[in-house]
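Taking it in order: structure first as structure tokens, then the write-up.
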Amino acid sequence: MYIFFINNTRVGYELRSVGYNKYIFGYGGINIKKFIIISMVISGLVAGLVRIYLFLGFSIEYLNFLIF
């Protein structure tokens, strides 16, 4: 889903372009600050999902160790 979003949508194109060179695309009319914040939110969501997965996985193993 992430690859589809980045490669096939307008917002994904603008995110990639700001990531390549924010100064050039800033002159092209793209709001740089907006897309920097969007990229930080996406990265925070992905990091949070990974952390939740790891936390739940480790806590279940830990509880199984304590029970048995």
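Only residues that are open to solvent by 100 Å² or more (accessible area, probe 1.4 Å) and at pLDDT below 75: list them for the stretch 43-59, please.
53, 55, 58
Among the residues of the stretch 26-42, count how many are open to solvent by less than 60 Å² (accessible area, probe 1.4 Å) and assigned to a helix (DSSP H, G or I).
Within the stretch 26-42, the first condition is being open to solvent by less than 60 Å² (accessible area, probe 1.4 Å), and the residues that meet it are 26, 30, 32, 35, 38-39, 42.
Imposing the further condition that a residue be assigned to a helix (DSSP H, G or I) reduces the set to 26, 32, 35, 38-39, 42.
Qualifying residue count, the stretch 26-42: 6.
The values are calculated or read from the model by the stated rules, or taken from the named source; none is laboratory data. Since the model is a prediction, treat every value here as computed from it, not as a measurement. Ligands, DNA and RNA are excluded from the accessible area calculation, which covers all protein heavy atoms including side chains. Shrake-Rupley method; radii C 1.70, N 1.55, O 1.52, S 1.80 Å.
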